[in-house]
Amino acid sequence: MFDWLSLEAVALIVALSAIALVFIYSLILGTPPTPTSPKVLARLTVALPTLGPGTVYELGSGWGGVATKLARTYPDHVVVAIEASPLPCLVAALRRWFFGPANLQVRLGSFWNYRLDDAAAVVAYLQTDVMEKLRPKFESELRPGTVIITHTFRVPQWEPFMVYDTDDLYKTPIYLYEIEENGD
């Protein structure tokens, strides 16, 4: 006979384990996986430029919402979503497996371990201190013409070529940068 109490206990253990896993990786990585709000995602889609050839990377892709939108917006580009936290990465991979699109790749790991030489664009929603540390990686790996798109947090010491404001509570800014010949 089926024991509902055992099923409830298993469900509770699974739920608590998932919460603990996200919490532990939030401590390790220094930030929780924070989804991009629907208003920011809608505005981001309008802000996306036409891209040249290359891969579109989302660094710290979390649950996969932005990466999925990028892959649908750029169907002729491979979009690589990179996430270090296992549970959000699993959710993003399952979303991709069930709902596509086919040009989206979800990778578990640190974006520090990926070369970005082939990037047409890099998208990131990462705190200012991380953006500061990423700046030298961008300058050394990205080729001229590569677009970097961030929201909420700027790339320190860089001037965006375009800033879009979002019609949300925080007036969230979206910043667009382009790698120039001299490295910024």
Within 10 Å, count the other beta carbons around each residue, average over each peptide in 156-169, 80-93, 33-46, and list them highest first. 80-93, 33-46, 156-169
Counting DSSP beta bridges with both partners in the chain, what percentage is antiparallel, nearest 5? 35
Taking only protein heavy atoms and a 1.4 Å probe, what accessible area per residue, in Å², does the chain have with all protein chains in place? 55
Tell me the carbon and sulfur percent of the accessible area for the chain, rounded to whole percent, probe radius 1.4 Å. 63
Take each complete run of DSSP H in the chain, measure how far its Cα atoms stretch along the helix's own axis, and keep only those covering 30 Å or more with mean Kyte-Doolittle hydropathy at least 0.0; list them. 4-29
Residues of segment 138-161 with backbone N under 20 Å of the label point set 7 Å from the Cα of Thr50 along Cα→Cβ are 144-149, 161
Quote the FRET efficiency, to the nearest 0.05, computed for Ala42 versus Val14 with a Förster distance R0 of 30 Å and r equal to the Cβ-Cβ distance. 0.35
Among Val10, Thr68, Leu90 the positive-end extreme of the charge dipole of segment 2-117 (Cβ point charges): Thr68
Please identify, among Leu94, Leu104, Leu16, the residue showing maximal mean-square fluctuation in a Gaussian network model of the chain using a 10 angstrom Cα cutoff. Leu16
If every alpha-carbon in the chain counts as one equal scatterer, what log10 I(q)/I(0) does Debye give at q = 0.08, 0.17 1/Å? -0.28, -1.10
Hey, how many Å between the Cα centroid of segment 134-150 and the Cα centroid of segment 37-106? 18
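The values are calculated or read from the model by the stated rules, or taken from the named source; none is laboratory data. Not measured: the values here are computed from a predicted model. Cβ: placed from backbone, ideal geometry, glycine included. Neighbour counts: every protein chain shown. Please note that ligands, DNA and RNA were not included when accessible areas were found on the heavy atoms of the full protein model with its side chains. Shrake-Rupley method; radii C 1.70, N 1.55, O 1.52, S 1.80 Å.
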